[in-house]
Each structure stands twice: as C-alpha cells, then as structure tokens.
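Working notes, structure below.
The values are calculated or read from the model by the stated rules, or taken from the named source; none is laboratory data. Since we're looking at a predicted model, the values are computed, not measured. Please note: Cβ atoms are built from the backbone with ideal geometry, for glycine as well, and neighbour counts cover all protein chains shown. To get the accessible areas, we keep the full protein, side chains included, count just its heavy atoms, and leave off ligands, DNA and RNA. Shrake-Rupley method; radii C 1.70, N 1.55, O 1.52, S 1.80 Å.
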Amino acid sequence: MTQLQATKIDELKGSFKGEILLPSDDAYESARKIWNATIDKHPALIVRCSSTSDVVRAVNFARDNGLVLAVRGGGHNIAGSAMCDDGLVIDLSKMKAAKVDPGARRVTIEGGATLADLDAATQAHGLATPLGINSTTGVAGLTLGGGFGWLSRKYGMTVDNLESAEVVTAAGEVVRASAKEHPDLFWALRGGGGNFGVVTRFEFRLHPLGPGVLSGLIVYPIAEAKSVLRQYREFLAKAPEELSVWTVLRQAPPLPFLSEEVHGKPIIALALLYAGDPKQGEPLIEPLRRFGTPLGEHVGVQPYVNWQQAFDPLLTPGARNYWKSHNFSTLKDGLFDVVIEYINKLPSPQCEIFFGAIGGATTRPAPDSAAYAHRDAQFVMNVHGRWEDPADDERCIRWARDYFNASAPFASGGAYVNFLTADEGDRVRTAYGPNYDRLVQVKRKYDPNNLFRTNQNINPA
Ligand SMILES: Cc1cc2nc3c(=O)[nH]c(=O)nc-3n(C[C@H](O)[C@H](O)[C@H](O)COP(=O)(O)OP(=O)(O)OC[C@H]3O[C@@H](n4cnc5c(N)ncnc54)[C@H](O)[C@@H]3O)c2cc1C
C-alpha cells in the first residue's frame, strides 16, 4: 500500500459520521477479527459506517487513494473476504436498522444486520423470509451469494425473496436495484456476491410463520448411518415442501437429551423444521423416528427464533475453520459409504459433514433468472473442518480435502459460492456456473476497474 498520509485520513474524518479505526486504536484488534480465526489480516484502516452517506465517502476515499477495499457484513465468510491487508475495510456492523411493513409483508434492513436481527424484526409480526441456520451470520454476504436454510424448500433461496436493494457503486453513486430499476444490477446481486457495490439496504418479501414451529433433532448411532441415510433419501423425495430435514454427521456434542456415554461418539442427526401448522407436521415427521433405534431426540414446538439459534453454540466465532463443499442432485449409496468412512476418522471433535436439503421451491426459477444458477441442487453438502490449535491445521485441512475428493464422483458439479474457501479460486467459475459471462458484462458496467475485488471475484478484464 502507498503510505496513507495522516492528512488524507484527517480529510476523511472531517466528513465521516461513523468511527475510523487505525492500528494504533484500542478497538482495532477486535474489529479486524472475523468468524474464521485462520484469517489474520491487518487493514490500514477500518471505517465503521453509520449511514449510506458514510459508505459513499468510504468508497470514494478508497477509490481515489488507490486502496484495496474490503466490505464487512457479518464477517462470516470462510474465505475471510471481509478483511484485507493494508487497505480499507468498510465495516457495516453499526448499520442494522430494520423496518417491517406487516400489511405488505415486506421488510427493509440495513447491510450490516445479522440473521438474528432480521428474524427478530420479522417474527415480531409472525413473518419470516428464508435465511441460513446460524443466527450470527450476516444477511448481506448470505443474500448476495444465494442464501438457503430451513424455509428454502417452501419459499426458495434468500435471493428469490429479494425485492430491491440500495447499492453504493464503485463510482460512489447510490442506486436502487429492483426488477424495474437497474434490472441488470438486480439480476447480478442475486448470487453474484459483493462484486457490484456495497449494498446498504435490502428489501425482502415475507411469509407467515410461527412464531412457534415444530422443529428439533433426532439422533442415531453412526452404526445405523447407512440405513438412516437411505431412508432419509426416500423420505425426503416424497415429503411436502413445508418439511425440511437435514442430516449432520459428527461426534455427539454434550446435549442434555443424550446420555453421557453417547457424548463424543460419532452420530448421525436428523435436524428438522416444519414450516406450517405444527399439528399437521406431527404425523408427517413420525417416520423419521423409525429409521432405526434413536439415541435420543429433542423435537417439539418452539419459537422459530430459538430454532434459528439452536446451532450457534457449535458455530461460535474464533475457532479455526476450513470448508469444502459439493452440490448434489441425488444422494447415491456409494456416497454414504464414503461419508461414513470419513466420519469414523474425524481429525477433531468439532469437525462435521452436513447435507442441507434444498430442492423444492429453490429449483423452480430458471437458472438464468438470477445470478444464482444452481437450480438442479437438491442438497448442498458442507465438509466443516473446525479445530482450535494451529498445530492441527494441516491434519484437519487434509481430512476435509481428502473427503472432498473422495465424494466428488457423486456430486452434481455445481458449487455454492458462499462455501468456497480462499484457496478455491479455480472453482469460482463453477460457482457462478452458466451465468459467469453475463456477470462479467454487468461487472464491466458497474465496476470496470474491479474496485470490489476482495471476494470470489468476477474479473471485468
Ligand atoms: C457458521 C456459519 C453458518 C452458515 N450457514 C449458512 C446457511 O445456513 N446458509 C447459507 O446460505 N450460508 C451459510 N453460511 C455461509 C454464509 O452465507 C457466508 O459465509 C456469507 O458470506 C456470510 O455473510 P457475512 O455478511 O457474514 O460475511 P462477510 O464475510 O462480512 O462478507 C462476505 C462477502 O460478502 C461481501 N459483503 C458483505 N457485506 C456486503 C454488503 N453489504 N454489500 C456488498 N458486499 C458485501 C464481502 O465483501 C465478502 O466478500 C454460513 C456461514 C457460517 C460461518
């Protein structure tokens, strides 16, 4: 980086309403930390914006001073793209305001909100939009890459529920993107990541839900995993779209409904949510209890916001993480053998492999209707390497890569951009799929000099 002159920073401070953090400031150390502790970057300055005008000032400042620019939403991206070395980080964590219009079933929310912020605002009115499964994740990064969770089989990807976005472009202009205004930009934002500008406000469609939802976990021993997985595949193929069931394979955490001797043993868990009247869901989930001999279950009606936070304790920030992922259009028996083999040699107690069931409403839009292209994906698998000690880096990363390679023959070939690690530059085209060339066209129009490049980049050149 060219040495930033103090006078330049003073110039920015003069007009900036938020907080500007330099390496000499006390708050800088915690501000540069993100969810994945393997990321250790040192920006020259972190600017905590308080409004869209602050974002405009920061974008102009970075561009005019030739600085590398990163944008932090919720700071959860596994590749660490919320941070950069030497450059400027636009930190949106102070911009979380939400406004719900219950009559129109719409919410607008600022670009630094977490899923917890959005769910809290919408559930106050018995409404929701599909989001991910960990409440501390940022709405912005999740949405811009596609976004899926418990409600996706019924209501689609998060981007399928996006109505409009307020965007600060590389030129420092504030534009509104929707089906009618800047439709090319609106198309690109729905899956093209943070390549096109800083989204300062999202507007989503909402659906009636809860607040009480039938949800929970049913846990089986790993010895029954193959049979459970086979029955799961058949069950889900016929299940209504209101019912979402994911499988998680890992060592059993010390959950109170599991006996102590099960803790730390490999298990397969069925995690479920019924997005409808719990009374109608009860009989539908009954077969899930007869896939084998459950070690325990914790299923019942609970507030949707609680279920949205159920996995937070296993996904706290600050651990070391490495992911690999595949999409699947079907789950084959051979894949089950491979996954069980690798669960029986977990390199750390926190590593896990999950199959997130999407399908349903996510498959109905045409692949070119939005930048998110993978409408054939019925399942997204994530291999989650997670550990505490840097001395375990090599072992845990190797395990994730080996399993990824061993499971590749069964995958559909697509990739979810939000699950790509920093070393997967070779999969970026796969992640954007057949929409890549059109994304390049939009990138050339809105960010020809690639100011927004600290991401899974679409290179305008
Ligand atoms: C524990 C955990 C659970 C997850 N579960 C799910 C899940 O269930 N479903 C799912 O779909 N995904 C899930 N994800 C993946 C998640 O969608 C991505 O990690 C996503 O990038 C996180 O968004 P963020 O805003 O927190 O990240 P950040 O790291 O802040 O940002 C991610 C990217 O988006 C850009 N960006 C951020 N904010 C903006 C903005 N306002 N405008 C423009 N660009 C911006 C950044 O520059 C960066 O390139 C999960 C991730 C974690 C860590």
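When you check residue 225 against the structure, is it small (Gly, Ala, Ser) and away from the ligand (no atom under 11 Å from the Cβ), yes or no? Considered against the rule, which asks whether it is small (Gly, Ala, Ser) and away from the ligand (no atom under 11 Å from the Cβ), residue 225 comes out as yes. The condition of being surrounded by fewer than 24 Cβ atoms within 10 Å (Cβ to Cβ), of a type in the set (D, E, K, R) and either closer than 30 Å to residue 450 by Cβ or touching a Ser or Thr at 6+ places or on another chain (Cβ under 7 Å) (or both) holds for only one of 101, 85, that being 85.
Can you pull out every residue in segment 434-461 that is in a helix (DSSP H, G or I), within 16 Å of the ligand (Cβ to nearest atom) and either open to solvent by 10 Å² or more (accessible area, probe 1.4 Å) or hydrophobic (A, V, I, L, M, F, W, C) (or both)? Result: 439, 442, 446. Can you tell me which residue in segment 7-25 is farthest from residue 51 (Cα to Cα), limited to those that are open to solvent by less than 70 Å² (accessible area, probe 1.4 Å) and among the β-branched types (Val, Ile, Thr)? The residue in question is 9. If we scan segment 319-330, do we find a residue that is assigned to a loop (DSSP other than H, G, I, E, B) and closer than 14 Å to residue 385 by Cα? Yes - at least one qualifying residue is present in segment 319-330. Please tell me if residue 116 is within 7 Å of the ligand (Cβ to nearest atom) and either open to solvent by 10 Å² or more (accessible area, probe 1.4 Å) or not in a loop (DSSP other than H, G, I, E, B) (or both). Considered against the rule, which asks whether it is within 7 Å of the ligand (Cβ to nearest atom) and either open to solvent by 10 Å² or more (accessible area, probe 1.4 Å) or not in a loop (DSSP other than H, G, I, E, B) (or both), residue 116 comes out as no. The combined condition, being at pLDDT 95 or above, loosely packed, with under 15 Cβ neighbours inside 10 Å and on the phi < 0 side of the Ramachandran plot, is fulfilled by residue 40.
Scanning segment 156-166 for residues that are in contact (Cβ under 8 Å) with a residue 40 or more places away in the chain and over 17 Å from the mean Cα position of the chain (by Cα), we see that the one that is farthest from the ligand (Cβ to nearest atom) is 163.
State whether one or more residues within segment 369-383 are aliphatic (A, V, I, L, M), surrounded by 15 or more Cβ atoms within 10 Å (Cβ to Cβ) and more than 15 Å from the ligand (Cβ to nearest atom). Full working, then the answer.
Residues of segment 369-383 aliphatic (A, V, I, L, M): 370-371, 373, 377, 380-381, 383.
Applying the additional criterion that residues be surrounded by 15 or more Cβ atoms within 10 Å (Cβ to Cβ) yields 370-371, 373, 377, 380-381, 383.
With more than 15 Å from the ligand (Cβ to nearest atom) added as a condition, the list becomes none.
Taking every residue of segment 369-383 in turn, none turns out to be aliphatic (A, V, I, L, M), surrounded by 15 or more Cβ atoms within 10 Å (Cβ to Cβ) and more than 15 Å from the ligand (Cβ to nearest atom).
Does residue 249 meet the test of being crowded, with 18+ Cβ neighbours inside 10 Å, over 27 Å from the mean Cα position of the chain (by Cα) and not in a helix (DSSP H, G or I)? Considered against the rule, which asks whether it is crowded, with 18+ Cβ neighbours inside 10 Å, over 27 Å from the mean Cα position of the chain (by Cα) and not in a helix (DSSP H, G or I), residue 249 comes out as no. In segment 294-310, is there at least one residue being within 16 Å of the ligand (Cβ to nearest atom), open to solvent by 50 Å² or more (accessible area, probe 1.4 Å) and assigned to a loop (DSSP other than H, G, I, E, B)? Checking segment 294-310: at least one residue is within 16 Å of the ligand (Cβ to nearest atom), open to solvent by 50 Å² or more (accessible area, probe 1.4 Å) and assigned to a loop (DSSP other than H, G, I, E, B).
Residues that are among the polar types (S, T, N, Q) and more than 7 Å from the ligand (Cβ to nearest atom) within segment 124-135 comprise 129, 135, listed in sequence order.
Okay, residues lined up against (1) within 16 Å of the ligand (Cβ to nearest atom); (2) on the phi > 0 side of the Ramachandran plot; (3) part of a loop (DSSP other than H, G, I, E, B):
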residue: 180; (1), (2), (3): no, no, yes
residue: 191; (1), (2), (3): yes, yes, yes
residue: 194; (1), (2), (3): yes, no, no
residue: 200; (1), (2), (3): yes, no, no
residue: 229; (1), (2), (3): no, no, no
residue: 235; (1), (2), (3): no, no, no
residue: 240; (1), (2), (3): no, no, yes
residue: 257; (1), (2), (3): no, no, yes
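When only residues in segment 61-80 that are more than 30 Å from residue 323 (Cα to Cα) and away from the ligand (no atom under 13 Å from the Cβ) count, which is most open to solvent (accessible area, probe 1.4 Å)? Here the residue is 64.
Taking segment 136-155 as the range and being more than 8 Å from the ligand (Cβ to nearest atom) and not in a helix (DSSP H, G or I) as the test, the residues that pass are 150, 151.
With respect to the conditions (1) among the small types (Gly, Ala, Ser); (2) surrounded by fewer than 20 Cβ atoms within 10 Å (Cβ to Cβ); (3) farther than 24 Å from residue 420 by Cβ, residue 58 falls short on a single one, namely (2).
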